[in-house]
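The values are calculated or read from the model by the stated rules, or taken from the named source; none is laboratory data. Because the structure is a prediction, the values reported are computed rather than measured. Positions of Cβ are backbone-derived with ideal geometry, glycine not excepted, and every protein chain shown enters the neighbour counts. Quick note on the areas: whole protein, heavy atoms, side chains included, nothing else; ligands and nucleic acids left out. Shrake-Rupley method; radii C 1.70, N 1.55, O 1.52, S 1.80 Å.
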Amino acid sequence: MYLVSPRQVSRIEGAAHPLEFAGQDGERLRISVLADDLIRVQLWPDGQPRLDRTWMVVGADGDVPREGRRRDDLSPFPLPAFDLDAADGVLRLRTADLHVTIRLNDFRLVWSDAAERPFAADLIAQAYQYDRRGRAVYHYLVRDPDEHYYGFGEKAGPLDKAAARLRMHNVDALGYNAETSDPLYKHFPFYITYVPALDIAYGLFYDNLADSVFDLGREVNARYGGPFRAYRADDGDLDYTLIYGPSIEAVIEKFTALTGRPVLPPRWTLGYLGSTMSYTEAPNAQEQLRQFVDLCRQHDIPCDLFHLSSGYTTGPDGKRYVFTWNHSRVPDPGAMAQYFHDAGIRLAANIKPYLLTTHPYYDELAAQGGLVRQEDRDEPEIAPFWSGGRYEFDYGSYVDLSSAAGYDWWQAHVTAALFEHGIDVTWNDNNEFEIVDDAARLAGFGEPIPAALGRPLLTLLMLHASYAATVAYRPDERPFLLTRAGLPGIQRYAQTWSGDNTTSWNTLRYNIPMGLSLSLSGVPNTGHDVGGFHGPRPDAELFVRWVQNGIFHPRFTIHSWNTDGTVNEPWMYPDVLPLVREAIRFRYRLLPYLYTLLFESAETGHPIIRPLVYHFAHDARCRTESFDFMLGPNLLVASVLEPGARTRQVYLPSGTAWCDFWSGEWHAGGQAIEVAAPLERYPLFVPAGGLIPTGKVMQHVGAQPDDVRRVYAFPDPAGSEGRFMLIEDDGTSLEYRRGVVARVTLSMQAGPDRIALAAQADQSGYPLPYTQIEFVLPPDEVRPTGGGTEHTGTDGRRVVVVPLR
């Protein structure tokens, strides 16, 4: 290793977009003003790009073709005019939002807002480094000990990553520790810095797919002249974009505009999604699968999808062969799928992106050039892969989704092996692409890429191919996919989850900030395996508390491969089944609220589950809160995370009053309170003016006319205003893209002596199945109301029926 920095940097005169610079050793550097609040910095140690395409940054259409986009294509960006002054070896660049000082001698940047307040700075020396004897690149910035760092995708540990060291290298992390394990399944070279003294948030996005490390203060080295934070990539170029907020919400909006907005899935994906490994591992798998449907009916458990784990693909030798069916276990896949469909339950089938050498299609695909190849031989790269039972391995090769042969083969088999047998959804699993040789070759659609620069790319292209197959087979329906591994861009195609977690109270606790971190990284549609995937079964109390937490995540599924041979199912403990059932039914009642948040995320990139700092950055205590979170703007979720706990201390953020959702008791913000939390109760709080629309409970989404809307309203006794835009559409088709959507404005004006309620609908696109809104007031609310007629509900709360205007 021989680390050097560009020296004696000089500007190459030319066009403004981009500004170009040269170092004395042949390095090239660029600064591109993409927008007033979006500036990109590049360092090419070799004088030219090591990889001249991107798959993470979208074009004008909001997506990226399978071949990628040229990095030097700036056409999707506004490229505004800016001021540039030069004096004494220093350039000063000014846009409407940002001022950047560039010291040319050693190429050091200092970033300020429009008011000339510095908020970020490179180290005084050695800010940009590269390994002259290797391929690594580095970026060092000054670290302020008062800053907070959020994002990095789905990482273990607390929400704020200050003092952490994080590695980006996607692995199959079976049974990981949600507090300490690193690396995990996803590669997200993006994070948000919040500067409390200035109330400024900004993002840093490194467009590089090589293995990398972020150090947020773990390393201390006087050689660097003070506290620092660092990014290191093992290969590729330094290519980062600074995204100025100034709020956390604005950073996420701009980051998802850069990498693509989340896809809008069908409404039914917000229902309970059933799953377990054990059914498809059984010799009588089809019978056990049918029994799941019957037990949902018997126990009155709503359900909208079931996951077929990979046991349906096992061959006579017990090995798993993607895109094949074990007809001994599942004699009639079509009849099996129809049984689920008749109950209103869709099916997702597990698929894995590798073929064992004994796979019936291995030789065929190898001959076509559809497998990842060795560095110096035109033969498949062969390595061990999970083959059958727990920790069993055999040799095989990854499908090269960056080859036309591999991509087209994958797309064709998704259709023929799955969709034509009644499968609705692809469950893209084990797709970390742990290629053992950095020099192994990816076809790169005609421009080969070494594995060191492309492992996560294959994850994205797997989703791209599965998505394309889904759209081609069902062109009038919204596509829905699942993926375990990921990188920025997966949100354009798929829902995800936190992988093969371990059964423990600690996992329940620390899976929460994992999901919140991913949500702050532009991927809002996520969740966790409720009950724990790996380890012994959860006890009854842990299972109930996990369900009570899981129902508030965008993805709600109960899944397991328990080491003791048991199965996590809603009815696994008869004594607590009523509590599990009621929690799931509450989830279904919340679907109008959840769907509106899902729709908002597709339009803006906003998270669905949000850490408290997202809404309450002004409150210092919220900046490091990892476990309590907001579901949208109006519901604070304080899950019970300790065994035996029947009370829960909850901190209520300052700046608003808060109402206990269940009791109707009001509390001032800025304080911690102790609340009752018996096993049947999960603490929920609503800010003053909060409105939460709910609907009917059904056996599955669409089982009944969706013709009731009850809005729980929380008017502060001292007076408050509330407004919420409820989104309604058909929930399945692509008609929303043509504006076939209804937007219902729910509003509340509360004074000390009166509450006015109203609902105004814009039905120009979609005709609503209801004509009135039932506003439900908290217990003990006595103020008179205006806007509708009133009666008392079955729970004793006052209900005000307001006609739509």
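Out of ALA583, ALA602, ALA617, report the one residue that is surrounded by 18 or more Cβ atoms within 10 Å (Cβ to Cβ), touching a residue at least 24 places away in the same chain (Cβ under 8 Å), outside any helix (DSSP H, G or I) and of a type in the set (Gly, Ala, Ser). The match here is ALA617.
Using the structure shown, decide if GLY655 is at positive phi, within 29 Å of the chain's Cα centre (by Cα), modelled with pLDDT of 95 or more and open to solvent by 10 Å² or more (accessible area, probe 1.4 Å). Against the criterion (at positive phi, within 29 Å of the chain's Cα centre (by Cα), modelled with pLDDT of 95 or more and open to solvent by 10 Å² or more (accessible area, probe 1.4 Å)), GLY655 qualifies. Of the residues contained in region 335-350, one or more are found to be within 30 Å of LEU598 (Cβ to Cβ), open to solvent by less than 10 Å² (accessible area, probe 1.4 Å) and in contact with a Ser or Thr (Cβ under 6 Å, 6 or more places away or on another chain).
Residue-by-condition table, conditions (1) of a type in the set (Val, Ile, Thr); (2) closer than 24 Å to PRO705 by Cα; (3) part of a loop (DSSP other than H, G, I, E, B):
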| residue | (1), (2), (3) |
| --- | --- |
| LEU768 | no, yes, yes |
| GLU774 | no, yes, no |
| THR794 | yes, yes, yes |
| VAL802 | yes, yes, no |
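Listed here are the residues, each with its yes/no results for (1) in contact (Cβ under 8 Å) with a residue 40 or more places away in the chain; (2) under 30 Å from TYR150 (Cα atoms); (3) outside any loop (DSSP other than H, G, I, E, B).
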residue: HIS528; (1), (2), (3): no, yes, yes
residue: TRP546; (1), (2), (3): no, yes, yes
residue: HIS553; (1), (2), (3): yes, yes, no
residue: THR566; (1), (2), (3): no, no, no
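Looking across region 213-239, the residues that are in contact with a Leu (Cβ under 6 Å, 6 or more places away or on another chain) and part of a strand (DSSP E or B) come down to PHE214, PHE228, ARG229, LEU238.
Here ASP500 passes the criteria (1) open to solvent by 10 Å² or more (accessible area, probe 1.4 Å); (2) closer than 24 Å to ALA677 by Cβ except the one numbered (2). One residue stands out among those in region 41-60 that are touching a His at 6+ places or on another chain (Cβ under 9 Å) and outside any loop (DSSP other than H, G, I, E, B): the one that is nearest to THR256 (Cα to Cα), which is VAL41.
The sole residue among ILE301, ILE351 that is under 28 Å from the mean Cα position of the chain (by Cα) and more than 22 Å from LEU482 (Cα to Cα) is ILE301.
With the requirement that a residue be open to solvent by 20 Å² or more (accessible area, probe 1.4 Å) and within 29 Å of PHE433 (Cα to Cα), what does region 214-223 give you?
If the condition is that a residue be open to solvent by 20 Å² or more (accessible area, probe 1.4 Å) and within 29 Å of PHE433 (Cα to Cα), then ARG218 is the only one that fits.
Listed conditions (1) in contact with a strand residue (DSSP E or B) (Cβ under 9 Å, 6 or more places away or on another chain); (2) open to solvent by 10 Å² or more (accessible area, probe 1.4 Å) are all met by LYS161, apart from (2). Whether any residue in region 244-263 is among the polar types (S, T, N, Q), open to solvent by less than 10 Å² (accessible area, probe 1.4 Å), within 30 Å of TRP386 (Cα to Cα) and within 28 Å of the chain's Cα centre (by Cα) is what I want to check. No, region 244-263 contains no residue that is among the polar types (S, T, N, Q), open to solvent by less than 10 Å² (accessible area, probe 1.4 Å), within 30 Å of TRP386 (Cα to Cα) and within 28 Å of the chain's Cα centre (by Cα).
Where residues in region 61-75 are in a loop (DSSP other than H, G, I, E, B) and open to solvent by 40 Å² or more (accessible area, probe 1.4 Å), which of them is farthest from ALA405 (Cα to Cα)? Checking each candidate, the answer is SER75. If you filter region 520-564 down to residues that are of a type in the set (S, T, N, Q) and within 18 Å of ALA638 (Cα to Cα), you find that the one that is farthest from the chain's Cα centre (by Cα) is GLN548. When region 585-633 is filtered for residues that are among the β-branched types (Val, Ile, Thr) and over 24 Å from PRO302 (Cβ atoms), the ones remaining, listed by number, are THR604, VAL613, THR624. Each residue in region 238-255 was checked for being in contact with a His (Cβ under 9 Å, 6 or more places away or on another chain) and not β-branched (Val, Ile, Thr), and 4 of them qualify. Taking the criterion of being aliphatic (A, V, I, L, M) and within 19 Å of LEU209 (Cβ to Cβ), the residues of region 149-172 that qualify are LEU166, MET168, VAL171. The condition (being closer than 30 Å to THR470 by Cα and either assigned to a strand (DSSP E or B) or open to solvent by 40 Å² or more (accessible area, probe 1.4 Å) (or both)) is satisfied by just one residue among ARG723, ARG737: ARG737.
Just a yes or no: is a residue in region 26-36 in contact with a helix residue (DSSP H, G or I) (Cβ under 7 Å, 6 or more places away or on another chain) and either among the β-branched types (Val, Ile, Thr) or at pLDDT 95 or above (or both)?
No: zero hits.
Of the residues that make up region 677-692, is at least one under 30 Å from ARG346 (Cα atoms) and open to solvent by less than 10 Å² (accessible area, probe 1.4 Å)? The answer is yes, given that some residue of region 677-692 is under 30 Å from ARG346 (Cα atoms) and open to solvent by less than 10 Å² (accessible area, probe 1.4 Å).
Checking the structure you have, find out if any residue of region 83-104 is open to solvent by less than 10 Å² (accessible area, probe 1.4 Å), touching a Lys or Arg at 6+ places or on another chain (Cβ under 6 Å) and either outside any loop (DSSP other than H, G, I, E, B) or at pLDDT 95 or above (or both). Looking for residues that are open to solvent by less than 10 Å² (accessible area, probe 1.4 Å), touching a Lys or Arg at 6+ places or on another chain (Cβ under 6 Å) and either outside any loop (DSSP other than H, G, I, E, B) or at pLDDT 95 or above (or both), one finds none in region 83-104, hence no. The single residue among ALA405, ALA417 that is in contact (Cβ under 8 Å) with a residue 60 or more places away in the chain, closer than 30 Å to GLU477 by Cβ and over 26 Å from the mean Cα position of the chain (by Cα) turns out to be ALA417. Residue by residue through region 442-473, note down the ones that are in contact (Cβ under 8 Å) with a residue 24 or more places away in the chain and not in a helix (DSSP H, G or I). LEU442, ALA443, GLU447, ILE449, PRO450, GLY454 - these are the residues of region 442-473 that are in contact (Cβ under 8 Å) with a residue 24 or more places away in the chain and not in a helix (DSSP H, G or I). A Cβ distance below 7 Å, combined with a sequence gap of six or more or placement on separate chains, defines the contacts here; from region 667-692, residues that are touching a residue at least 60 places away in the same chain (Cβ under 8 Å) and within 20 Å of ASP619 (Cα to Cα) reach residues that are assigned to a strand (DSSP E or B) and small (Gly, Ala, Ser) in the pairs GLY689/SER720; GLY689/GLY722. Would you pick out the residues in region 531-543 that are at negative phi and either part of a loop (DSSP other than H, G, I, E, B) or surrounded by fewer than 24 Cβ atoms within 10 Å (Cβ to Cβ) (or both)? Once the filter is applied, which keeps residues that are at negative phi and either part of a loop (DSSP other than H, G, I, E, B) or surrounded by fewer than 24 Cβ atoms within 10 Å (Cβ to Cβ) (or both), region 531-543 yields PHE533, HIS534, PRO536, ARG537, PRO538, ASP539, ALA540, GLU541, LEU542. If the condition is being closer than 16 Å to LEU635 by Cβ and outside any strand (DSSP E or B), then region 645-664 contributes PRO653, THR656, ALA657, PHE661, TRP662, SER663, GLY664.
A quick yes/no check of all residues on (1) in contact with a strand residue (DSSP E or B) (Cβ under 9 Å, 6 or more places away or on another chain); (2) among the charged types (D, E, K, R); (3) within 26 Å of ARG623 (Cα to Cα); (4) in a loop (DSSP other than H, G, I, E, B):
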| residue | (1), (2), (3), (4) |
| --- | --- |
| GLU116 | yes, yes, yes, yes |
| PHE119 | yes, no, yes, no |
| HIS139 | yes, no, yes, no |
| ASP144 | yes, yes, yes, yes |
| TYR149 | yes, no, yes, no |
| GLU154 | yes, yes, yes, yes |
| LEU166 | yes, no, yes, no |
| SER181 | no, no, yes, yes |
| THR193 | yes, no, yes, no |
